[in-house]
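*Asks:* What follows is a structure written as structure tokens; I'll ask about it next.
The values are calculated or read from the model by the stated rules, or taken from the named source; none is laboratory data. Computed from a predicted structure; not experimentally measured. Cβ sites come from the backbone with ideal geometry, for glycine too, and all protein chains shown count toward neighbours.
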Amino acid sequence: MVGVSTTQMKSMFEDMVTARHYEERLQEEYLEGKQPAFDISAGPIPGELHLAAGHEAAGAGVCAHLRDDDTVTAPHRPHHVAIAKGVDLKRMTAEIFGRETGLGKGKGGHMHLFDPDVNFACSGIIAEGCPPAAGAGLAAKKRNTDSVAVAYLGEGAIDQGAFLESLNFAAVHDLPVVFVIEDNDWAISMPKERVTDVENGAQRAAGFELPGVRVDHDDALAVYDAAEEAVGRARDRNGPTVIEVQVHRRMGHFMGDPESYRPEEDQAAAQARDSIERLADDLRSHGVDDDTIEELRESAHERVEEAIEWAKDQPQPDPEDAHEDMFVNPPSGVTDTEPDYELAGGDD
Amino acid sequence: MADTDRVAVTVAEWPDDADSDEGVVVNWFIREGRSIDEGKSLCEVQVEKVSLDVLAPVSGTLVEVVCGEDDEFARGDTLAWMEPA
Amino acid sequence: MAQQEKREVIERELTMSRAMVEAIATEMRDNEEVFYMGEDVADYGGIFDSTEGLLDEFGYDRIMDVPISETAYLGAAVGAAQEGMRPIAELMFVDFFGVAMDQIYNQMAKNTYMSGGNVSVPMVLTAAVGGTYNDAAQHSQTLYGTFAHVPGMKVVVPSTAYDAKGLMHNAIRDDDPVVYMFHKRLMGIGWLPAPKGPKTPVPEEDYTIPFGSADLKREGDDVTIVTLGLHVHRALDAAESLADDGVDAEVVDLRSLVPLDTDTIVESVEKTGNLVVVDEDYRSYGVTGEIVASVADESLGALDAVERVALPDVPIPYSRPLEQEVVPDAEDIEAAVQRTQ
């Protein structure tokens, strides 16, 4: 096993604690104003909210190998990936709260977060981020850079055409892309075995002559190792990889989901496994003391609180702004004048 | 104008793998009376399934179109006449 | 000594496909980041001649054949465009949009807006459209209304070689996504002969035509015929015949659906009072309804008569007499005009 440095471990730990605390705090903020009767569009965070508590290792372990110029696309449960990628947390939070100074000026919301400074984007249609990630890989290849692209998707997305097509496209064009499947066993209320016969989603890669590897436990260091190989392969221009990571969904599919379909033992098992505490143990066995670990936790918590406070202070967008930002150029394109040629008239 | 001044426009190189000795004019790219530079595309013809451009043999004026669009022609036929500039 | 400016008359004519290709080639020479991707665009030169001759100059890397996998390659075009490249991605038939519409209308069209203008998608989506050659319901559509309806993409429809080149230059240079719909019958393909009209003189140098600018292809006082694509030429044929009957028709070629040049249309209707809209897309919930409503919105009093000439709301049938029945021809346009007089 290639050694992961203590510095990297601490950085992953902090990202993971940030992500967990962020989701727990957003849950609180979200439920405000929506009780006792759950009205989805009421409160400071209206609409759907898909929280990733329990997914942290998949975000941190992969993004530890990525630079700002590497592209990441994520699905509708993106916050842990965004945090690990280095997305501007304040502006991301403002966007989730629908404020004018959010990443998308309030026009995208939590499922459509774009941070071009770190090449991060997420979107709300299943597997939809896979083709654009392949496209970012294509651009890197054409420009002869060594940047890579990573597409995240859930285990419920491996049956969607967009994923399968992207595997083939990335394979035949030898693109520097890593596909990361986050297997939390539930596609909303449908357990994995009800929708696919495949136990290991990474097996899908073999069908496209690609390498695939499954990380069975949401052990951040195991994710780190698998990602090191995959990202390295992509950077060396040796083609795509599929990684499947077992994670656990600690909360419902979306906020408001009563999870009545989910057996209690399953929920309890999810609560019992905690990749964050596991990484804390790993830190201790690497000689990091409890005080340092506590400092990292506090720093993460502070960062989250700061971001949320800042976001809640931001102005609401001006309703008139709803009509802006459809295009970056004028509607007429790069010109608004017609050339003045004299074309030869017909003479027959 | 003397006939000897006029230059015939023909298909300079018949496609190698074509069995047929006949073709069809598909598109003219200038009209009678207009001028064109040597080497530019005068028209597009089709011989069996192959499309090829017929280039102006000289710079000058297209004075007479013999085979119009959709007209058939045989190998060696004059498609049009040009007057050199 | 005063210099007399002699205006050069453009004499060289091109088919619409050659005009398109000329624009693409020029842009590709000027900018390494422009590339073309689609099915059969390399050795074949595009099923409808959209990339004819480009492989020889630019090679397989920039004239890129893709697997039959529209979601993947159109989505990849979106991703590459978001990285700043300028891909031109082709739908071999616009009818194939169905298998990839998510990447088109939920990503290509919306990412700029959802990001508050922080991300742009400088790609061109080319698509072959149209029928009249018996390719039946799944290969003959234009779908102008479908693409114009969903916000976030510019949509252009050239009807002549001259327009095709200018619009293509603009489309490639524009930092916004542009859907460029070219009619198969206007391309000048040997096995799908074009009517008279789309082959026009085309300047050698590059030039741009603005989007949202309709073109008066024929001036007249008695009726305004608003149309696009193939039917510009059918309308011009109808106009010739109508002239014999003493009816002077004005033909407005939209050239651009998004943005739409309502000003030119309204100005014409205010002159003639009679509006005939001709569209090769389905009648209901489409271009004809949109144009009539736009005029009514701005200048209801100017309208004396309205006629909508479009495909009926049926899938396009295969057999010749059936297809001819549903796709409007010059006679249908003439009859509609006569109904306004």
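*Asks:* Only one of these conditions is not met by C:Arg29: (1) within 23 Å of the chain's Cα centre (by Cα); (2) outside any loop (DSSP other than H, G, I, E, B). Which number is it?
*Replies:* (1)
*Asks:* Within the set of pairs 6+ apart or on separate chains, which have a first residue in region A:202-222 that is touching a residue at least 60 places away in the same chain (Cβ under 8 Å), a second that is β-branched (Val, Ile, Thr) and surrounded by fewer than 21 Cβ atoms within 10 Å (Cβ to Cβ), and C-beta atoms under 8 Å apart?
*Replies:* Once the first residue is touching a residue at least 60 places away in the same chain (Cβ under 8 Å) and sits in region A:202-222, its partners that are β-branched (Val, Ile, Thr) and surrounded by fewer than 21 Cβ atoms within 10 Å (Cβ to Cβ) give A:Leu221/A:Val4.
Residue by residue, here is whether (1) touching a Gly at 6+ places or on another chain (Cβ under 9 Å); (2) of a type in the set (A, V, I, L, M); (3) in a loop (DSSP other than H, G, I, E, B); (4) more than 11 Å from chain A (Cβ to nearest Cβ) holds:
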site	(1), (2), (3), (4)
C:Thr132	no, no, yes, yes
C:Gln141	yes, no, yes, yes
C:Asn170	yes, no, no, no
C:Met181	yes, yes, no, yes
C:Arg185	yes, no, no, yes
C:Phe211	yes, no, yes, no
C:Glu240	no, no, no, yes
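*Asks:* Then there's this: Has region C:112-120 got at least one residue that is within 24 Å of C:His183 (Cα to Cα) and either within 9 Å of chain A (Cβ to nearest Cβ) or out of contact with any strand residue (DSSP E or B) (no Cβ under 7 Å at 6 or more places or on another chain) (or both)?
*Replies:* Taking every residue of region C:112-120 in turn, none turns out to be within 24 Å of C:His183 (Cα to Cα) and either within 9 Å of chain A (Cβ to nearest Cβ) or out of contact with any strand residue (DSSP E or B) (no Cβ under 7 Å at 6 or more places or on another chain) (or both).
*Asks:* What are the residue pairs meeting all of these: first residue in region C:185-206, first residue closer than 10 Å to C:Ala19 by Cα, second residue among the aromatic types (Phe, Trp, Tyr), Cβ atoms under 7 Å, and 6 or more apart or on different chains?
*Replies:* Filtered contacts from region C:185-206: C:Met187/C:Phe48; C:Thr200/C:Tyr162; C:Pro201/C:Tyr162; C:Val202/C:Tyr162; C:Pro203/A:Tyr341.
*Asks:* Moving on to the next point. Are there any pairs with C-beta distances below 6 angstrom linking a residue in region C:253-271 that is in the same structural domain as C:Thr142 (by TED's automatic domain parsing) to a residue that is buried (at least 21 other Cβ atoms within 10 Å of the Cβ) and among the polar types (S, T, N, Q), with the two at least 6 apart or on different chains, and if so which?
*Replies:* Partner pairs satisfying both residue conditions: none exist.
*Asks:* Sticking with this structure for a sec: Taking the stated definitions as given, is C:Ala137 out of contact with any helix residue (DSSP H, G or I) (no Cβ under 6 Å at 6 or more places or on another chain), more than 13 Å from chain A (Cβ to nearest Cβ) and among the hydrophobic types (A, V, I, L, M, F, W, C)?
*Replies:* Considered against the rule, which asks whether it is out of contact with any helix residue (DSSP H, G or I) (no Cβ under 6 Å at 6 or more places or on another chain), more than 13 Å from chain A (Cβ to nearest Cβ) and among the hydrophobic types (A, V, I, L, M, F, W, C), C:Ala137 comes out as yes.
*Asks:* Give the residues of region C:46-93 that are in contact with a Leu (Cβ under 7 Å, 6 or more places away or on another chain) and under 20 Å from C:Thr15 (Cβ atoms), sorted by residue number.
*Replies:* C:Ile63
*Asks:* Answer yes if at least one residue in region A:100-117 is assigned to a helix (DSSP H, G or I) and touching a Leu at 6+ places or on another chain (Cβ under 8 Å), and no otherwise.
*Replies:* Taking every residue of region A:100-117 in turn, none turns out to be assigned to a helix (DSSP H, G or I) and touching a Leu at 6+ places or on another chain (Cβ under 8 Å).
*Asks:* To continue, here is another question. Under 13 Å from the mean Cα position of the chain (by Cα), under 26 Å from C:Pro198 (Cβ atoms), of a type in the set (Asp, Glu) and more than 14 Å from chain C (Cβ to nearest Cβ): does that describe B:Glu72?
*Replies:* no
*Asks:* Since C:Tyr162 meets every condition but one in (1) away from every other protein chain (no Cβ under 14 Å); (2) under 22 Å from C:Asp215 (Cβ atoms); (3) among the hydroxyl-bearing types (Ser, Thr, Tyr); (4) part of a helix (DSSP H, G or I), which condition does it not meet?
*Replies:* Only one criterion is unmet by C:Tyr162, namely (1).
*Asks:* Given the conditions (1) under 30 Å from A:His323 (Cβ atoms); (2) in contact (Cβ under 8 Å) with a residue 60 or more places away in the chain, and given that C:Arg12 satisfies all but one, which numbered condition is not satisfied?
*Replies:* Among (1) under 30 Å from A:His323 (Cβ atoms); (2) in contact (Cβ under 8 Å) with a residue 60 or more places away in the chain, the lone unmet condition for C:Arg12 is (1).
*Asks:* Can I ask one more? Evaluate region C:284-305: report whether one residue or more is without any contact (Cβ under 8 Å) to a residue 40 or more places away in the chain and under 15 Å from the mean Cα position of the chain (by Cα).
*Replies:* Scanning region C:284-305, I find no residue that is without any contact (Cβ under 8 Å) to a residue 40 or more places away in the chain and under 15 Å from the mean Cα position of the chain (by Cα), so the answer is no.
*Asks:* Consider region A:167-209. How many of its residues are in contact with a Ser or Thr (Cβ under 8 Å, 6 or more places away or on another chain) and outside any strand (DSSP E or B)?
*Replies:* 4
*Asks:* Just give me the residues in region B:39-48 being surrounded by fewer than 14 Cβ atoms within 10 Å (Cβ to Cβ) and out of contact with any Leu (no Cβ under 8 Å at 6 or more places or on another chain), in sequence order.
*Replies:* The one that is surrounded by fewer than 14 Cβ atoms within 10 Å (Cβ to Cβ) and out of contact with any Leu (no Cβ under 8 Å at 6 or more places or on another chain): B:Glu48.
*Asks:* Could you say which residue among A:Ser260, A:Ser275, A:Ser299, A:Ser285 is surrounded by fewer than 16 Cβ atoms within 10 Å (Cβ to Cβ) and within 26 Å of A:Leu89 (Cα to Cα)?
*Replies:* Only one candidate qualifies: A:Ser299.
*Asks:* Now for a separate question. Against the condition touching a strand residue (DSSP E or B) at 6+ places or on another chain (Cβ under 8 Å) and in contact (Cβ under 8 Å) with a residue 24 or more places away in the chain, how does A:Val62 come out, does it pass?
*Replies:* yes
*Asks:* Which one is nearest to C:Glu27 (Cα to Cα), of the residues in region C:206-239 that are in contact with a Ser or Thr (Cβ under 6 Å, 6 or more places away or on another chain) and among the small types (Gly, Ala, Ser)?
*Replies:* Ranking the qualifying residues of region C:206-239, first place goes to C:Gly212.
*Asks:* Keeping to region A:210-239, report how many residues are over 16 Å from A:Ile158 (Cα atoms) and in a loop (DSSP other than H, G, I, E, B).
*Replies:* Qualifying residue count for the region: 8.
*Asks:* Output the residue which, of all residues in region A:82-130 that are surrounded by 21 or more Cβ atoms within 10 Å (Cβ to Cβ) and at positive phi, is farthest from the other protein chains (Cβ to nearest Cβ).
*Replies:* Only one residue fits best here, namely A:Gly98.
*Asks:* Would you please list the contacts, defined by Cβ atoms under 8 Å and residues six or more apart or on different chains, that run from a residue in region A:142-162 that is farther than 20 Å from A:Arg77 by Cα to a residue that is of a type in the set (Val, Ile, Thr)?
*Replies:* Taking only residues 6 or more apart or on different chains, the pairs are A:Ser147/A:Thr71; A:Val148/A:Thr71; A:Val148/A:Val177; A:Val148/A:Val178; A:Val148/A:Val231.
*Asks:* Within 20 Å of the chain's Cα centre (by Cα) and either modelled with pLDDT of 95 or more or within 30 Å of B:Ile36 (Cα to Cα) (or both): does that describe C:Met64?
*Replies:* So C:Met64 fails the test.
*Asks:* Output the number of residues of region A:302-348 satisfying the condition of being part of a loop (DSSP other than H, G, I, E, B), within 13 Å of chain C (Cβ to nearest Cβ) and loosely packed, with under 13 Cβ neighbours inside 10 Å.
*Replies:* Residues flagged as part of a loop (DSSP other than H, G, I, E, B), within 13 Å of chain C (Cβ to nearest Cβ) and loosely packed, with under 13 Cβ neighbours inside 10 Å within region A:302-348 amount to 7.
*Asks:* Restricting attention to region C:75-101, which residues are more than 7 Å from chain A (Cβ to nearest Cβ), part of a helix (DSSP H, G or I), buried (at least 24 other Cβ atoms within 10 Å of the Cβ) and touching a residue at least 40 places away in the same chain (Cβ under 8 Å)?
*Replies:* C:Ala81, C:Val94
*Asks:* Another question, then. With crowded, with 23+ Cβ neighbours inside 10 Å and not polar (S, T, N, Q) as the only criterion, which of A:Ala171, A:Ala133, A:Ala187, A:Ala205 stands out?
*Replies:* Selected residue: A:Ala133, the only one of A:Ala171, A:Ala133, A:Ala187, A:Ala205 that is crowded, with 23+ Cβ neighbours inside 10 Å and not polar (S, T, N, Q).
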